[in-house]
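No lab work stands behind these numbers, since they all come straight from the coordinates. Keep in mind it's a predicted model, so treat the numbers as computed, not measured. Quick reminder, even Gly has a Cβ in these numbers, built from the backbone with ideal geometry, and neighbours come from all protein chains shown.
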Amino acid sequence: MEKYNKLLRNITELIEKGLFTSQDLKREIEDSLKFKVENITNRLNLVSREEFEVQKKIIQKLQKELNNLEIKKKVKGVKKS
């Protein structure tokens, strides 16, 4: 919060002195927001949509293989009985 207040004070001072235009303010806010979003996404370990889809297909394939192995195990158990 303190960093936020300091940023606002600095921007206010620059605007009062006429050294900071609305375009500069817009650019500064956009850059700050982009940095924050990147920082948050990096901490969350998000993946791209393509990577997600690949992992999803791998998991589906493994689930099918696991189901097949379970079925084979049950069939072998029935044959031994």
Excluding residues fewer than 8 positions from LYS73 in its own chain, the aspartates and glutamates with Cα under 15 Å of it are GLU65
Which lysines, on any chain, are close to LYS74 with Cα under 24 Å apart, when same-chain ones fewer than 8 places away are left out? LYS61, LYS64
If Lys and Arg each add +1 and Asp and Glu each add -1, what is the summed charge of the other residues whose beta carbon sits under 12 Å from the beta carbon of ASN67? +3
Looking only at Cα atoms, what is the convex hull volume of the range 31-81 per residue, in Å³? 67 Å³
Karplus-derived HN-Hα couplings along the range 49-66 (A = 6.51, B = -1.76, C = 1.60, θ = phi - 60°), whole Hz, x at Gly and Pro: 4, 4, 5, 4, 5, 4, 4, 4, 5, 4, 5, 4, 5, 5, 5, 4, 4, 4
Sequence order, the range 27-38: Karplus ³J(HN,Hα) from phi using 6.51 cos²θ - 1.76 cosθ + 1.60, θ = phi - 60°, Hz rounded, Gly and Pro as x, gives 4, 5, 5, 4, 4, 5, 5, 4, 4, 5, 4, 4
To the nearest 0.05, the calculated FRET efficiency linking LEU8 and PHE52 through their beta-carbon distance, R0 being 25 Å, is 0.10
